[in-house]
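Okay, structure first, notes after.
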Amino acid sequence: MSEMKIGEKLYNYRKQKGLSQEEVANMMGVSRQIISKWEQDISVPRSDNLKKICEIYDISYEDIFGKDQKEKRKKKVNIILILFLIMVLVELTIILILTLTSRQTEYKCIGTQVYYVLDYYENKDDDNYVYLTIKNSNEVIKTVKVAKVISTHLEKNNYYEFIFRTNEINTDIDYIFGTNEMINIIEADSFKGNSRQPFNCK
């Protein structure tokens, strides 16, 4: 069964009230022809006229527009709900990604190595790093690149304990040094206490 058209509904509501088109027109302040056009679906009442019609016929806005209006409203609510759920899902995904990323970038302390600093020099083309020529307890000499922020206190001909931290799977100190992973440096008395074993970070 097809749903009644708006004009047909307006006609029936007017008849139920026992009113003529002329009477309704006078009550609304419009011409009788306008009432006729509404009832023939030639035109649709404006919102202000719809309000007057509802008052005269003692009906609601939904009585005129019926299920279509309810369905539109329901669809709108469903769309808003779906968008809200998508936003929540996106936020949860971002939080999860940030959590996993932060875990992956956590630096773990894996050990120390004492070195004797033979030389200390800067490269004018690289403002963030300095270069150290160092030797270990086995007299192995090498040049390494170290961030300035952790090497400002270094002096030549002195012992320093390098504290190594990494977030890589490879925890070999020589590998970390070669790739310039995060380290800290503190002054040491000598090669005594040199260790490659994991310990609590200082």
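Measuring between alpha carbons in the structure, the pairs from LYS52/LYS74; LYS17/LYS76; LYS15/LYS37; LYS9/LYS51 lying more than 23 angstrom apart are LYS52/LYS74; LYS17/LYS76. Label reach from LYS51 (point 7 Å along Cα→C-beta): in the stretch 1-40, amide nitrogens under 15 Å belong to 28-29. The distance between label points at LYS156 and SER60 comes to 9.2 nm (points 7 Å beyond Cα on the Cα→Cβ vector).
Local charge for THR143 was computed over the other residues whose Cβ lies under 11 Å away, with Lys and Arg +1 and Asp and Glu -1, and equals +2.
Peptides 131-137, 28-34 ranked from most to least packed give 131-137, 28-34, packing being the mean of other C-beta atoms within 10 angstrom over each peptide's residues.
The numbers here are math on the coordinates, done by the rules we state, and not lab data. Note that the structure is a prediction, hence the values are computed from the model and not measured. A quick note on method: Cβ atoms are made from the backbone with ideal geometry, for glycine too, and the neighbour counts reach across all protein chains shown.
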